[in-house]
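First comes the structure, then the notes that go with it.
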Amino acid sequence: MADRQMIDHLSQQILDHYQKGFPLSPTPYKDMADALAVSEQEVIDCVSALQQADIVSRVGPVFNHKKAGASTLAAISVPEDKLSEVAELVNEFKEVNHNYAREHAYNLWFVVTASDEQHLEQTLWSIRKKTGYPILNLPMEKAYHIDLGFKLNWS
Amino acid sequence: MVNTDTQYSNSLNDLQQQALKCAIQEGLPVDPRPYQVLANLIGSTEEAVIQCIEQWIDSGLIKRFGLVVKHHNLGYHANAMVVWNIPDNMVDEVGERIKQSGLVTLCYRRPRRMPDWNYNLFCMIHGKDRDQVLSQLDQLIAECDLTMVERNVLFSYKQFKQCGGRFHQQHPTQPTAPIELSTLNTVEHQNSTQKVARHG
C-alpha cells in the first residue's frame with residue numbers, strides 16, 4: 001500500500017496541480033514538464049508510476065452525471081451480518097460505481113449511473129428485486145459545490 | 001462512400017463523439033500525444049478531439065479533466081457524509097455558505113423521504129483519520145452557524161466499490177475485494193460521542 005511519505009516531490013506537484021486543468025494541447029505532458037521544469041519523460045514516468053501504485057485511477061474526465069446521463073445516490077438498510085452479501089449483489093450491477101458501508105440504520109450507500117432516467121429507474125427496480133430490500137432514492141437536486149479535485153496536505 | 005471532408009473536418013459527428021466519450025471515460029492513453037492516439041481510434045484529427053473535449057468542459061458536461069486520485073491510497077482513510085435538515089427556504093443560502101468554507105469536497109441538495117429520511121443537504125468531508133474529519137466538521141459548524149441545525153454524520157467503514165461512472169457501457173466492471181476503511185480509526189476514537197461501528 002502506498003503511503004504519503006513515499007510520494008516524491010514531482011508526484012506531489014503533479015497531484016496538486018493537475019487534478020483539474022490537464023493540458024488540452026497536442027503535447028500535454030510536455031506542457032506539464034515545462035511548467036514544472038522537468039523533462040517530458042519524467043512527467044510521463046511519474047504519471048505512469050502513480051497509476052501503477054493505484055494512487056491515480058486514471059487521467060481523464062469526471063463527467064457531470066446530470067448532463068451526461070442520469071444518476072442517483074441510493075441507500076439500503078441491511079442487517080449487519082448480511083451486509084457483505086448484499087453489497088456483492090449490488091456490485092454485480094455495472095451501473096453501480098460507488099458502494100460504501102456507512103454508520104447509520106441505512107448502512108449501504110451506493111451511486112447508480114445510467115445512460116438515461118428510464119434505465120436508471122429500471123436498474124433501481126432490479127436492485128430492489130435482487131436484494132429484497134427497499135431502496136432510499138436520493139437524486140441530486142442542486143449542486144452547490146462539485147468535486148473539483150482534492151486538496152492534499154503533504155505535511 | 002466515405003466522405004473525406006467529414007472524416008477530416010474539425011467537428012466530430014455523433015458516432016465519433018460517443019466513441020470519444022467511451023474512450024476517455026476509461027482514461028487517456030499514457031502517450032506523449034494522447035489526443036492523437038484518440039483521434040486515430042475514432043477516425044478524426046487531434047485538433048478535433050481537443051476541441052470537442054474543450055466544448056464538453058465549457059458546457060459543463062465534464063466537471064473536471066485531470067488526474068483522478070484514490071484518496072484512500074494516499075492516506076486519507078476517513079470520509080464522512082454529513083447530512084443536514086435545513087428549512088427549505090434557507091437551503092440555497094446554507095449550501096452556498098458551506099461551499100465558501102472550503103471545508104467540504106462536495107455539497108448537494110437532495111430530496112427528503114419522509115418519514116425515514118429528513119435530510120435535504122449533503123456534504124462530504126475527507127480526512128486522514130476520523131478525528132481530523134470531526135474537527136473539520138466542528139469548524140464548519142462554527143463558520144457556517146449550523147450549531148442548531150439537525151444533522152447526522154455517516155462515516156464510511158468499508159468500501160465495496162469505487163470507479164468512475166460509466167454512461168457508455170462497454171466493459172463489465174471488475175469485481176474487487178472490499179477495503180476496510182476504519183480499522184485504525186475506530187481504536188483511536190473510543191471517547192468520541194459518535195457511534196463507532198464495529199465489525200469484522
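Coordinate-derived values only; no laboratory data. Remember, it's a predicted structure, so these values are computed and weren't measured experimentally. Neighbour counts run over all protein chains shown; Cβ positions are idealised from the backbone, glycine included.
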Quiz item: Got the relative contact order for chain A handy, in percent, Cα pairs under 8 Å and 6 or more residues apart?
Solution: 23 percent
Quiz item: What list of ³J(HN,Hα) values in whole Hz, one per residue of segment A:96-106 in order, does the Karplus curve 6.51 cos²θ - 1.76 cosθ + 1.60 (θ = phi - 60°) give from phi, with Gly and Pro shown as x?
Solution: 8, 10, 10, 8, 10, 8, 10, 7, 5, 4, 7
Quiz item: Which whole-angstrom value gives the distance between the alpha carbon centres of segment A:1-67 and segment A:104-155?
Solution: 28 Å
Quiz item: Which whole number gives the average, over all residues in B:151-160, of C-beta atoms from other chains lying within 10 Å of the residue C-beta?
Solution: 6
Self-check item: Residue-wise HN-Hα coupling along segment B:97-108, computed from phi with Karplus coefficients 6.51, -1.76, 1.60 (Hz; x: Gly, Pro)
Solution: 4, 5, 4, 4, 4, x, 9, 10, 7, 8, 8, 10
Quiz item: How large is the Kirkwood hydrodynamic radius of chain A, in angstrom, based on all distinct alpha carbon pairs?
Solution: 18.3 Å
Exercise. Choose one answer from A:98, A:145, A:17: the residue with the largest mean-square fluctuation in a GNM of chain A with alpha-carbon springs under 10 Å.
Key: A:145
Self-check item: Average partner coverage of A:74-82, which counts Cβ from other chains inside 10 Å
Solution: 1
Quiz item: When ranked by the protection proxy of mean other Cβ atoms within 10 Å per residue, highest first, what sequence do the peptides A:33-45, B:48-60 form?
Solution: B:48-60, A:33-45
Exercise. Please work out the FRET efficiency for the pair residue A:17 and residue B:33, using the Cβ-Cβ distance as r and a Förster radius of 30 Å; give the result to the nearest 0.05.
Key: 0.90
Quiz item: Could you work out the helix-only [θ] at 222 nm for chain A, with each DSSP H run of four or more residues adding -39,500 (n - 2.57) and the total divided by the number of residues, to the nearest 500 deg cm²/dmol?
Solution: -11000 deg cm²/dmol
Quiz item: For residue B:147 and residue B:55 in one chain, what is 0.36 nm times their gap in residues minus the Cα-Cα distance, to one decimal in nm?
Solution: 28.9 nm
Quiz item: How far is it, in nm, from the label point at residue A:92 to the one at residue B:96 when both lie 7 Å from their Cα along the line to the Cβ?
Solution: 4.8 nm
Quiz item: Going down the table (A:66/B:21; A:67/B:99; A:82/A:142; A:129/B:21; A:130/B:63), which pairs top 25 Å between alpha carbons?
Solution: A:82/A:142; A:129/B:21; A:130/B:63
Exercise. May I ask for the Rg/Rh ratio of segment A:4-47, computed from Cα atoms with Rh as the Kirkwood radius, given to two decimals?
Key: 0.95
Quiz item: Averaged over peptide A:105-116, how many Cβ atoms belonging to another chain are found within 10 Å of each residue's Cβ?
Solution: 3
Practice problem: Would you pull out the residues with amide H under 5 Å of residue B:86's amide H, same chain only if 5 or more places away, H placed 1.01 Å from N? | Solution: B:120, B:121
Practice problem: Give the residue from A:7, A:21, A:44 lying farthest towards the positive end of the charge dipole for segment A:1-122; charges sit on Cβ (+1 for Lys and Arg, -1 for Asp and Glu) and the dipole is referred to the Cα centre. | Solution: A:21
Self-check item: Under the Karplus curve 6.51 cos²θ - 1.76 cosθ + 1.60, θ = phi - 60°, whole-Hz ³J(HN,Hα) for segment B:111-124, x wherever Gly or Pro sits
Solution: x, 6, 10, 6, x, 7, 9, 10, 10, 10, 10, 10, 9, 10
Quiz prompt | Residues listed by number, segment B:99-127, amide nitrogen under 14 Å from residue B:88 label point at 7 Å toward C-beta | solution = B:110-114, B:119-121
Practice problem: Starting from the Cα of residue A:30, draw a straight line to each of the aspartates and glutamates and keep only those under 18 Å, dropping any in the same chain fewer than 8 residues away. | Solution: A:16, A:40, A:42, A:45, B:31, B:46, B:47
